[in-house]
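Structure first, commentary second.
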Amino acid sequence: MRAGFAAVLLAALLYAGFRPVGPVPPLGPLLDPANGMWSTAASANLPPMDRASIPGLTKAVEVLVDDRGVPHIFASTEEDAYRALGFVVARDRLFQMEAQTRAASGRLTEWAGARALESDRENRALGLVWGAERKFASYDTASMGYRAMAAYADGVNAWIVRMRPRDVPVEYRLLDARPMKWQPIYSLYFFSRMALTLGFNDASLRRLRAQALVGRAAADALYPVNSPIQEPIQPTGRSTPRFDFATIPPPGRPDNGALAAVAAAERLQIALGGSRLTETEDAVGSNNWAVSPRRTAGGYALLAGDPHLDLSLPSVWYEMHLVVPGRVDVAGVGFPGVPGVVIGFNRNVAWTFTNTGSDVNDYYAETVDDAARPTRYRVDGQWRQLDDRVETYRDAKGAVLHTDTLYFTHRGPMRREGGSWLSMRWTAYDRSREPDNFLRLGYARTAQEWLNWMTDYVAPTQNGLVADRNGNIAIRSSGRFPIRPGNGRGDVIRDGSQSASDWTGALAIGQYPFSMNPTQGFLASANQQPVDPALNSAYMGSDWYSPWRAMRINTLLRADSAVTPDAMRAYQTDPGSARADAFVPLFLAAAESEMKAGRGDATLNKAATLLREWDRRYVRANRRAVLFEAAMSDLGRRTWDELRTQPQSEGAERVALPQSQILVELAQTPENPWWDDRRTAEREGRDQIFAASLRAAFDTVTAARGKEATDKWLWSNIRHANIHHLLRIAGFSALGIPVQGGPNTLSPSSGSGTQGSTWRMVVELGPEVRAWGVYPGGQSGAPASPRYRDRLSKWANGQLDPILFPRTAQSLDRKRIVSTLRLSPR
């Protein structure tokens, strides 16, 4: 029996060694000791000296990799620098580059088969490839951006050709795949995907869903065009926020017309690759700020950049330094797959971005000639020809899995949802030159030149912050802000049969939110409404994020007239919370009011006592933030019960909740009907609801975590950063990392922990530019590499590394060089 079992096992292992078993690739190549998975550990370390050639290179290029894994590229021409950059980024991040390209272009089925089909169909239906192809076809081949993308592709492909079997990233082995040839257009695919992440606004759907349940007047107040708390990006001259509170109308009658409209729009959004939100929290967004020399300890301008995106291993960013003598000397971070620095600095200027979050996409109800198989659509009584394209989805062997026919109007992609055909207009489809915009920034010598290079930037809209060595600081919300007919709002579905429904243009650059060298001596943005509508009434969006982070950083900057680079670093993980400052007094006052009214009890008293002990700081060692967050969660559910589709059901589907600043506005009217909990016979007011939520929070936390003195109440045991590998392989991920910060702090922490700061940078613009930075992860994308997660500990603890910025290859400290790569023409 033992011999028979051994024979069967041997046969099974031999079969698995040479043939795939289900989704598992053949194990033989994986276990090959010379070229299999084990060999990646050896190839993950860079050699002290290496040589290679790149087709198209005009002269030799020297690449010095420092002990932080950063390549310092010294080249004779910009195109040679981008060829070298493509080579070294592919060496470190090839799988990441291809994965994000396949995701954007809807080609994951070629790796994962039918399991990825629906995801691919959604991404292609969104029109990302269609938009990128239109942009690429219109590109001037002599432009800086086109030449850089082509040169970058030369470098990537040179690495792919040069790779030994042991150099192939482990993820390809797990997928039983080989790297594909890199095309210049893939850089535009990435920008299209970033536009989806940062520039796709669904505020119109949130408002329409609420309107369907509680009527238009209430919905307009809950999801307003303007924030009731104004702490805008463009300074107003005030030293405190402006509170523009109004009485929120009571819940009204359901709007059946809005219900039908939102159902169709939601189906379109889902079909186009979006998702329907049923809950929300305040922004896990980006921050940046700059300080004028007169308010810094050193007398030089300071700038801090802190973009927040999805956390991943490897990181979304790649750090680099490019030098072409007499032309460009720029350092910072860029995106793998895209040539050049996006956020960084040169010898004179430093810059960074946060997302503006403007409303730049609209829906149109179209009239077609054939409801089943349209070929034309009607505009102003005339038929126009639809563009169509057949999309074919293949598996790893090239077999066809599925085909789709996509339709496009002059506005964008069109889909049939129910009995209606809807199309979408979006600025991301417009012809633009984002690679040129970002590459040109490295040449700026002053803040004004930097601003000039961004005048024709389109999407996604960004708050660009810049400082220079002359002491200037400036910020502008840049991008295309569409002008719409009628009331100008974008939160309606328009009649596609009328050209009068189309956008009529875009805001002139003079109408963009902007400030340069303000009297207050500093500038800051944190995804809040960019300009006070009392100063600029142009429609740019609606349902803005609550300005809690903006309020906190402005409080810190107003209080410090001698800011240092280390203070800028500390601000990036400051645990204070303007949101907690607003709500904790409301909870405590409500508890006191209920106790005086005879409606209190021991539980409420205990909860209020514990909350009063909290200093409202989300440090890892605190044991009270968990109680506050549970109370806030309960307060939202309890207050907005009218936004359930089935009011009496706790588990009923809910419209995405209004921003927390709307709760502060509602708190100004204690007897507003919104406070009444319709599940009870009693008519509740504000204090009863706040007290009930605090009491319920104590019960919930105690039941889940025991007594308040236990370590289970520690914030470090509750909120973590979870940084997943691209394939979500646990062994390649970094999970459960305790972090300082909470909802709406400057280092905000989401419940899932999968979003957060992806690059922290501080720059001092003195006689010699000094900079510090860190991101979660490391330069290498190889899990076996010591450079895969070597920055993670410093990131988690709010520390920054000094960034090396040598003027020449000879001036880089030899002790800091771990690898030298010499590239030559073929």
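Net charge near residue 337: determine it from the other residues with C-beta under 9 Å of the C-beta of residue 337, scoring Lys and Arg +1 and Asp and Glu -1. Don't skip to the answer; put the middle values down first.
Details: positive: 93; negative: 98.
Summing Lys and Arg as +1 and Asp and Glu as -1 gives 0.
Kindly sort 514, 243, 698, 587 by accessible area of their heavy atoms, largest first, with the probe set to 1.4 Å. Could the numbers behind the result be given before it?
Working: 514 80, 243 110, 698 30, 587 0 Å².
My answer, sorted largest first, is 243, 514, 698, 587.
Quick one: how many Å² of residue 613 are accessible to a 1.4 Å probe, rounded to 10?
Looks like 110 Å² after rounding.
Tell me the net charge near residue 673. Cut-off is 12 Å between Cβ atoms, residue 673 excluded, with +1 for each Lys or Arg and -1 for each Asp or Glu. Kindly include the intermediate steps, with their values, before the conclusion.
On the way: positive: 678, 683, 686; negative: 641, 642, 671, 676, 677, 684.
Result for the neighbourhood of residue 673: -3.
Over the Cα atoms of segment 578-713, what Rg and Dmax result, in angstrom?
Rg then Dmax for segment 578-713, in Å: 14.7, 42.
Give me the percent relative contact order of the chain, please, defined on Cα pairs under 8 angstrom at least 6 residues apart.
Numbers: 1804 pairs, mean separation 160.9, N = 826.
Across the chain, relative contact order equals 19 percent.
Please determine, in degrees from 0 to 90 and to the nearest 10, the orientation of helix 578-596 with respect to the longest principal axis defined by the Cα atoms of the chain, where the helix direction is its Cα long axis.
Once rounded, the angle reads 30 degrees.
Angle, helix 128-137 long axis vs. longest principal axis of the chain, Cα atoms, 0 to 90°, nearest 10?
Around 50 degrees separate the two axes.
Per the Cauchy relation, a quarter of the hull surface: what is the mean projected area of the convex hull of the alpha carbons in segment 51-192, in nm²?
Details: hull surface 37.8 nm².
Answer in nm², one decimal: 9.4.
Would you check the accessible area of residue 300, probe 1.4 Å, heavy atoms only, in square angstrom rounded to 10?
80
If you rank 720, 725, 410 by how much accessible surface each has, with a 1.4 Å probe, what is the order from largest down?
Working: 720 45, 725 5, 410 80 Å².
Output order, biggest surface exposure first: 410, 720, 725.
For the chain, compute the orientation-averaged projected area of the C-alpha convex hull (one quarter of its surface), in nm². Each step should come with its number before you reach the end.
On the way: hull surface 156.4 nm².
Reported value for the Cα convex hull: 39.1 nm².
Report residue 700's accessible area, 1.4 Å probe, all protein chains in place, as a number in Å² to the nearest 10.
So the heavy atoms of residue 700 present about 90 Å² to solvent.
Considering only protein heavy atoms, with the full assembly of protein chains and a 1.4 angstrom probe, order 606, 397, 59 by accessible area, largest first.
Descending accessible area places them as 397, 59, 606.
Quick one: net charge of residue 309's neighbours, Cβ under 15 Å, K/R +1, D/E -1?
Details: positive: 193, 760; negative: 306, 310.
Taking every other residue near residue 309 into account, the sum is 0.
To test your reading of the geometry: what angle, between 0 and 90 degrees and rounded to tens, separates the Cα axis of helix 2-18 from the longest principal axis of the chain?
90
Of the lysine pairs in the chain, how many meet both conditions: Cα atoms under 23 Å apart, and a spacing of 8 or more in sequence or different chains? If you can, show how the numbers build up before the last one.
Values: 135/181; 181/397; 596/606; 606/707; 606/712; 794/815.
Final tally of qualifying lysine pairs is 6.
Using only helices, what value at 222 nm comes out for the chain when you add -39,500 (n - 2.57) per DSSP H run of length 4 or more and divide by the total residues, to the nearest 500 deg cm²/dmol?
On the way: 23 runs with 265 residues, N = 826.
Result for the chain: -10000 deg cm²/dmol, rounded to the nearest 500.
Using Cα pairs under 8 angstrom and six or more residues apart, how large is the relative contact order of segment 578-713, in percent? Display every interim value, and only then the final one.
Numbers: 149 pairs, mean separation 44.6, N = 136.
Computed value for segment 578-713: 33 percent relative contact order.
Quick check: pseudo-label points 7 Å beyond the Cα along Cα→Cβ at residue 710 and residue 445, how many nm apart are they?
The two pseudo-label positions are separated by 6.7 nm.
Roughly speaking, what is the centre-to-centre gap between segment 193-259 and segment 409-471 when only Cα atoms are used, to the nearest Å?
Segment 193-259 and segment 409-471 have Cα centres spaced 24 Å from each other.
The values are calculated or read from the model by the stated rules, or taken from the named source; none is laboratory data. Only a predicted model underlies this, so the values are computations on that prediction, with no experimental measurement involved. In this analysis, Cβ positions are derived from the backbone assuming ideal geometry, glycine residues included, and neighbour counts consider all displayed protein chains. Calculation scope for accessible area: heavy atoms of the full protein, side chains included, ligands and nucleic acids excluded. Shrake-Rupley method; radii C 1.70, N 1.55, O 1.52, S 1.80 Å.
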